[in-house]
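Data first, discussion second: the structure below is written as structure tokens.
The values are calculated or read from the model by the stated rules, or taken from the named source; none is laboratory data. None of the values given here were measured: they were computed from a predicted structure. When we count neighbours, we look across all protein chains shown, and the Cβ atoms used for this are built from the backbone with ideal geometry, even at glycine. To get the accessible areas, we keep the full protein, side chains included, count just its heavy atoms, and leave off ligands, DNA and RNA. Shrake-Rupley method; radii C 1.70, N 1.55, O 1.52, S 1.80 Å.
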Amino acid sequence: MKEHSSATVLSGPVILPRKATGIWWGLLGVAAFSFTVPFTRVAVAGIPPLFIGSGRAVVAAVLAAAALAITRQRLPQPRTWLRLALVAGGVVVGFPLLTSYALTAVPAGHGAVVIALLPAATATVAVLRSGERPPAVFWGVMALGSLAAVSFAFLQSDGVGHLHWADLLLLGAVACAAVGYAEGGLLARQLGSWQTIAWALVLAAPAMLVLAVLSVLDQPPSATPVQWAAFAYLAVVSMFLGFFAWYRGLAIGPMAQVSQIQLLQPVLSICWAALLLGEALTWTTVIGALAVILCAAAAVRVRLNRPAP
């Protein structure tokens, strides 16, 4: 026997389990999205919300069309276009427009905590679409998280019974994003992560271009360089590049579990709002955020600890 013949040699790269890989891609996507709320708050100070919601989609659609053309992607099958329309309606049209209008009336920290309902909403839609079956305890803690977020919205407006109109827009944005995330995660398994958001952007581009032109004609943007820089981030990263990682994580899945990584998003968004915008971290904001995050973290733990069948 040759010298050192019994030594163990690694003959290739270490490959992470699919579940861990999906979580890391999801974390990267959430980190990119966490700047969306504070940068939207910056942009609406000088740019009309209709132009922010539609214009960022138009810019992203130009980048998407260029990427699809350069890589010579084939057109999706006809039956796929309806599903792409759901993705476009949720994350290209619904979420950007509703959050842009809502953040003209409420602070970024407030918006971030209400949007913390998104992990629960995404998990629900993912279960309905993918057939995943979390245990009953999972739904219990998700319900507690949802209750905490809605209670926060009541307390931050004028007390129970006086839900702010902006909160209704934010809740609508959550519903739109949940559908777009879940459907996009499933489509990414067929089309690819960046191809899914690219085709959705191209599909929505004509309608969003019309809205952007109407917005400019009605109220031409008059913004500072900082506000245009915030708009650029929303168009390039929040509307396009961030979905590369996010849809890849959801595609690897399980979607109900990966969606819970969004529990970090309100924490990051509130921190960015405090650092970049000087928003105060009130006890109501902190307690509301922690309640939602703890419940979502418990949901992840339930799924991870579920015995294998």
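A few remarks follow.
- Residue ID - modelled with the lowest pLDDT, chosen from residues in the stretch 292-309 that are among the charged types (D, E, K, R) and in a helix (DSSP H, G or I): R303
- Looking across A230, A204, A251, one residue alone is out of contact with any strand residue (DSSP E or B) (no Cβ under 9 Å at 6 or more places or on another chain), among the small types (G, A, S) and more than 19 Å from T99 (Cα to Cα). It is A251.
- Residues being hydrophobic (A, V, I, L, M, F, W, C) and open to solvent by less than 10 Å² (accessible area, probe 1.4 Å) - total across the stretch 78-105: 7
- In the stretch 164-182 there is no residue matching the filter, namely being charged (D, E, K, R) and modelled with pLDDT of 85 or more.
- At least 2 residues being at pLDDT below 90 is the threshold, and among the helices (runs of 4 or more DSSP H) wholly inside the stretch 202-291 those reaching it are 242-252, 255-258, 264-277.
- Filter result for A57 (buried (at least 22 other Cβ atoms within 10 Å of the Cβ), over 15 Å from W199 (Cβ atoms) and under 15 Å from the mean Cα position of the chain (by Cα)): no
- Some residue of the stretch 230-249 being more than 20 Å from A64 (Cα to Cα) and either of a type outside the set (D, E, K, R) or surrounded by fewer than 24 Cβ atoms within 10 Å (Cβ to Cβ) (or both): no
- At least 1 residues being within 17 Å of L250 (Cβ to Cβ) and in contact (Cβ under 8 Å) with a residue 12 or more places away in the chain is the threshold, and among the helices (runs of 4 or more DSSP H) wholly inside the stretch 62-128 those reaching it are 78-87, 95-102.
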